1. Give region 74-119 a look and list any residue that's among the polar types (S, T, N, Q) and touching a strand residue (DSSP E or B) at 6+ places or on another chain (Cβ under 7 Å), or say none.
2. For region 52-81, how many residues meet the condition of being over 19 Å from G107 (Cα atoms) and in contact with a helix residue (DSSP H, G or I) (Cβ under 6 Å, 6 or more places away or on another chain)?
3. Do we have S90 as in contact with a Pro (Cβ under 7 Å, 6 or more places away or on another chain), surrounded by fewer than 21 Cβ atoms within 10 Å (Cβ to Cβ) and of a type in the set (S, T, Y) here?
4. Among the residues of region 40-53, is any under 12 Å from the mean Cα position of the chain (by Cα), under 27 Å from T15 (Cα atoms) and surrounded by fewer than 18 Cβ atoms within 10 Å (Cβ to Cβ)?
5. Could we say that G12 is touching an Asp or Glu at 6+ places or on another chain (Cβ under 6 Å) and assigned to a loop (DSSP other than H, G, I, E, B) here?
6. Mind counting the residues in region 94-141 that are in a helix (DSSP H, G or I) and either of a type in the set (D, E) or more than 20 Å from G56 (Cβ to Cβ) (or both)?
7. Looking only at region 16-39, which residues are in a loop (DSSP other than H, G, I, E, B) and surrounded by fewer than 12 Cβ atoms within 10 Å (Cβ to Cβ)?
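The values are calculated or read from the model by the stated rules, or taken from the named source; none is laboratory data. Here the structure is a predicted model, which is why all the values come from computation and not from measurement. Backbone-built Cβ (ideal geometry, glycine too); neighbour counts: all protein chains shown.
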Amino acid sequence: MQRSASAQWQGGLTTGKGALSTESGVLSYNPYSFSTRFEHGNGTNPEELLAAAHAGCFTMALSAQLEKAGSQAEQLNTTATVNLEKVETSWTVTSIHLDVRGKIPRGDQAIWDKATAAAKSGCPISQLLNTIITMNATLDV
């Protein structure tokens, strides 16, 4: 079984803004930003919210890494897919896969690769999870 959620982001970490959506539609382009995250539904499930949390956290971390590298994101889109499987007698989140697409000034692949790797390992939700996290990262030029 898979659950998924997506995050979009435009701009820098503290001045940018994004939107979260979940597979069920309970969250549908719900806004999020640095301010709503750090200063101030029916029908969803923990795995879907985990996917939304991971997609949002990773995308913001990526925005911060890119900004730190002097390459503020023009557009970032991340989908996190949580795999929930029955292992022996209990349900277990066995992995999370991140699909991320982005556009940055000059389309610098080295900056993109370094930033996506740092965001994947440095995002607080990634650090929290004790599961396999895979990723495809595509830079649009």
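1. Residues of region 74-119 among the polar types (S, T, N, Q): 75, 77-79, 81, 83, 89-90, 92, 94-95, 109, 116.
Of everything in region 74-119, those that are among the polar types (S, T, N, Q) and touching a strand residue (DSSP E or B) at 6+ places or on another chain (Cβ under 7 Å) turn out to be Q75, N77, T78, T79, T81, N83, T92, T94, S95, Q109, T116.
2. So the answer is 5.
3. On the way: in contact with a Pro (Cβ under 7 Å, 6 or more places away or on another chain): no; surrounded by fewer than 21 Cβ atoms within 10 Å (Cβ to Cβ): yes; of a type in the set (S, T, Y): yes.
No.
4. No - not one qualifying residue is present in region 40-53.
5. Values: touching an Asp or Glu at 6+ places or on another chain (Cβ under 6 Å): yes; assigned to a loop (DSSP other than H, G, I, E, B): yes.
Considered against the rule, which asks whether it is touching an Asp or Glu at 6+ places or on another chain (Cβ under 6 Å) and assigned to a loop (DSSP other than H, G, I, E, B), G12 comes out as yes.
6. Filtering region 94-141 down to residues in a helix (DSSP H, G or I) leaves 105-107, 109-122, 124-128.
Among the residues that remain, those that are also either of a type in the set (D, E) or more than 20 Å from G56 (Cβ to Cβ) (or both) are: 105-107, 109-111, 113-114.
So the answer is 8.
7. Narrowing region 16-39 to residues in a loop (DSSP other than H, G, I, E, B): 16, 23-29, 33, 39.
G25, S28, Y29, E39, listed by residue number.
Each row is one residue, and each column tells you yes or no for (1) closer than 16 Å to D140 by Cβ; (2) modelled with pLDDT under 90; (3) surrounded by fewer than 21 Cβ atoms within 10 Å (Cβ to Cβ).
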{"site": "T14", "(1), (2), (3)": "no, yes, yes"}
{"site": "V82", "(1), (2), (3)": "no, no, no"}
{"site": "K86", "(1), (2), (3)": "no, yes, yes"}
{"site": "I96", "(1), (2), (3)": "no, no, no"}
{"site": "R101", "(1), (2), (3)": "yes, no, yes"}
